[in-house]
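Note sheet for the following structure.
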Amino acid sequence: MANITVRNIPEEVFEKIKALSAVERRSLNNQILTVLERGTFSEYEEVTRERRHISKQTQLQMWRELCGSWEDDRTAKEIIKDIYSHRTLGRDVQI
């Protein structure tokens, strides 16, 4: 396992970790590891989740490119009627 030295920890952060270690009945070292594990996990999840999404700018550009490109000779009423006629009640579910 790797070892590191962390310098310049803000006093309020250190006091909170110290209090948590007392409440959780962990050593200060184990509490710091727990906080790091939880924090890095949630940070990693957030970063990877953000990268799976298309940025708002990209989405807007895609919508702008699609805008007006749909061609259909039917009237709005005919399209709506077609949509409604193809809807189903859903699946049969037995409980």
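Each reported figure results from applying straightforward, stated rules to the coordinates on display, with no laboratory input. Here the structure is a predicted model, which is why all the values come from computation and not from measurement. Note that we place each Cβ from the backbone using ideal geometry, even for glycine, and neighbour counts take in every protein chain shown.
Could you work out how far apart the two model spin labels at GLU12 and LEU66 are, taking each label as a point 7 Å from the Cα in the direction of the beta carbon, and quote it in nm?
So the label points at GLU12 and LEU66 sit 4.5 nm apart.
What is the pair-distance distribution P(r) of the chain, computed from all Cα-Cα distances in 5 Å bins starting at 0, with each bin given as a whole percent?
2, 8, 9, 10, 9, 7, 8, 8, 7, 6, 6, 7, 7, 5, 1
Quick one: among SER55, SER27, SER85, which has the greatest mean-square fluctuation in a GNM of the chain with alpha-carbon springs under 10 angstrom?
Among SER55, SER27, SER85, the largest mean-square fluctuation in the Gaussian network model of the chain belongs to SER85.
Roughly what angle does helix 28-52 make with the longest principal axis of the chain, taking Cα atoms, 0 to 90 degrees, to the nearest 10?
20
By counting other Cβ atoms within 10 Å of each Cβ, how are ILE79, ILE32 ranked from fewest to most?
Ascending Cβ contact count within 10 Å gives the list ILE79, ILE32.
Any chance you could give the angle, 0 to 90 degrees and rounded to 10, that helix 11-24 forms with the longest Cα principal axis of the chain?
90
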